[in-house]
Amino acid sequence: MRHDHVITSKHLSRGDIETVLDRAAEIAADPSAVADRHAGALLGLLFFEPSTRTKMSFETAMKRLGGDVVDMGSVESSSVKKGETLADTVRVIEGYADALVLRHPREGAATMASEFVDVPLLNAGDGAGQHPTQTLLDLYTIRENAGLDDLTIGIMGDLKYGRTVHSLAYALSNFDTRQHFVSPESLRLPREVVYDLHQQQGGRTGIREHESLEAVLSDLDVLYVTRIQRERFPDESEYRKVAGEYRIDAETLEDAADDLTVMHPLPRVDEIAPEVDDTDHAAYFEQAHNGVPVRMALLDLLLSEGGGGRDE
Amino acid sequence: MSDDRGDHELRVSKIRNGTVIDHVPGGQALNVLAILGIDGSEGEELSVGMNVPSDRLARKDILKVEDRELSQDEVDVLSLIAPDATINIVREYDVVEKHRVDRPDVVEGVLSCPNDGCISAGDEPVDSRFEVLDDGVRCEYCDTIVREGIASLIDT
C-alpha cells in the first residue's frame, strides 16, 4: 500500500486493491499466523453515527491481530456534545492510538480529519460520501465468488444516497467490468459519480442505468442489492410502491443465471426475501464475515508500514 | 439637453486610477461586483456597462472601478465566471498593465460549499477548497460539482 490513510476508494489503484485482497486471503487461510502481530497496538474508534457491523468488525479485526481498541463512545457522552470540532477531537485521540477509524455524518469529514493527524486514518463512512473499507470487503467477496475481471454486475436500490454504492462503483472501474445501475428515477446515481466514472476512469468500465432489473438480470454475475430507505420518500404509500418493485425473492431469481451471486451490505429490511438465504445465490452473510479478514489485512498493512506516502 | 442620435455606443468616462475589467460575459457584471464585494454603499466610484456590443463576445459587460486593484483571490474567482476577461490597471489615466485572467487549478477559501452536509460547511477550522474543472468547480471535501451559479457561492 502506498497510502497511510484510507479515505476514498477513488484513490485506490488496482494494485492497492489486490495487495489488500491478497493479504486478506492469506489471513483468512491462517488467522493464527497473525494472532500476536500487533500486540500492544491500539486502534481509536470514533463513531459519530451508530454502527454495528463496521464497528464490531474493526474491533474484532484489531483484537485478532493481538491489538486492542479505545472507543470514543457515543456522541452524547463525549466532548463533542460540548461543541468540540472534529479537527480538535481527532488531534486529541491520535495521541492515544496508533490508528483511527472515523465514521461521521458529514461528507468530507474523513478527508478533513486526515489533514490534522499523522497516524493512519480509515474512513468508515462519511455522510452520503464514501465507505472504502466496505468496498474492499465487497471486492473480496466478489473476487471469491465471481472474479473481478470480465464481470457483469447489477447494483440496485438507493444509488443516490448509498455510500457503499459510490465507493464500490469507483473501485470496480479499475477492473474489466460492466456495471448496470438499477433504481427508481428519484434515487439514481449522483451526477458527480457518473461524471467521474465516465471522465476520470478513462472509459475502462461500461456503465448503464435502468429503472427495472428485468432487462439485465439474466446477464449478471453479481447482483448487489441495497436498502431503499423510508425517509427518502414523502409518504408511506409511495415508499411501499417503489420499494416493492426493487425486492428480490425466489421467483425473481428464476430468470437469473444459476451462478448469480447476490450481495447486500446489510442491514436488510425486506428487500431480499428470507427464502433467498437458503439458495446458492446468497452471499451476504459471507460478505459480512469477510469484513474481519479484510480489515485485518488493511490494519496490518497500515500499522506495519509505520507511515509512508500520504494519501493525496 | 443633448440628443446624440448618431451615437449608439455606450460612453463611459475614463478613470484616473483603478481597474478596468473588460470582456466580461454579458449580464455578469453584477456578479463581478459581488466578487469584489462592491455594492456602492462605501461610496466607491464605478461605471458599469452591461450588454454592450463587442467584437470578441457578442455582448459584453465592462466595469471601471476607481481606486481599486484586484487581489489574486479575486482574480481567481473572476476567472470562473468570466474566463475571457481582461484586466487593465490604470494609473493617471494610462493603462499601465493589461492581462488576461488564468483559471487556477484550485480556489481556496473564496467559495462556500452549497452542500449543507459538507464538513467544510460546518464549524471546522478549515477553508473551503474547490478544484476548478473545465465547466465548473468541485468541492475537494464532499465532491459536489457546481456548474451554474458559482457567483452565488462567493463567501462574503
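The values are calculated or read from the model by the stated rules, or taken from the named source; none is laboratory data. Treat the numbers as computed from the prediction; the structure is a model and nothing was measured. Note that we place each Cβ from the backbone using ideal geometry, even for glycine, and neighbour counts take in every protein chain shown.
Counting only strands (runs of 3 or more DSSP E) that fall entirely inside region B:16-74 and contain at least 1 residues that are in contact with a Pro (Cβ under 8 Å, 6 or more places away or on another chain), the qualifying elements are B:59-66. In this structure, is A:THR85 of a type in the set (S, T, N, Q) and in contact with an Asp or Glu (Cβ under 6 Å, 6 or more places away or on another chain)? Yes; evaluated as a whole, the condition is true for this residue.
Here's the yes/no breakdown for (1) within 14 Å of chain A (Cβ to nearest Cβ); (2) in contact with a Cys (Cβ under 8 Å, 6 or more places away or on another chain); (3) surrounded by 13 or more Cβ atoms within 10 Å (Cβ to Cβ):
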| site | (1), (2), (3) |
| --- | --- |
| B:ILE81 | no, no, yes |
| B:ALA85 | no, no, yes |
| B:CYS113 | yes, yes, yes |
| B:VAL137 | yes, no, yes |
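Restricting to region A:80-118, and then to whatever is within 14 Å of chain B (Cβ to nearest Cβ) and hydroxyl-bearing (Ser, Thr, Tyr), can you tell me which residue is surrounded by the most Cβ atoms within 10 Å (Cβ to Cβ)? Per the criteria, the residue is A:THR111.
Might you check whether a residue that is in contact with a helix residue (DSSP H, G or I) (Cβ under 8 Å, 6 or more places away or on another chain) and closer than 21 Å to A:VAL193 by Cα occurs anywhere in region B:121-131? Yes, region B:121-131 has at least one match. Within region B:140-154, restricting attention to residues that are within 14 Å of chain A (Cβ to nearest Cβ) and out of contact with any strand residue (DSSP E or B) (no Cβ under 6 Å at 6 or more places or on another chain), which residue is surrounded by the fewest Cβ atoms within 10 Å (Cβ to Cβ)? Ranking the qualifying residues of region B:140-154, first place goes to B:GLU148. When the helices (runs of 4 or more DSSP H) confined to region A:103-205 are screened for residues that are at pLDDT below 95 and touching a His at 6+ places or on another chain (Cβ under 8 Å), those reaching at least 2 such residues are found at A:163-172. Working carefully through the options B:SER112, B:SER71, B:SER79, B:SER41, find the one that is more than 13 Å from the chain's Cα centre (by Cα), outside the structural domain of B:GLU148 (by TED's automatic domain parsing) and small (Gly, Ala, Ser). It is B:SER41. Identify, please: which residue in region B:87-106 is of a type in the set (A, V, I, L, M) and out of contact with any Leu (no Cβ under 7 Å at 6 or more places or on another chain) and is, among those, nearest to the other protein chains (Cβ to nearest Cβ)? Step by step, filter region B:87-106, then rank; the result is B:VAL106.
Is it true that B:GLY117 is at the interface with chain A (Cβ under 10 Å from one of its Cβ atoms) and surrounded by fewer than 19 Cβ atoms within 10 Å (Cβ to Cβ)? The answer is yes for B:GLY117.
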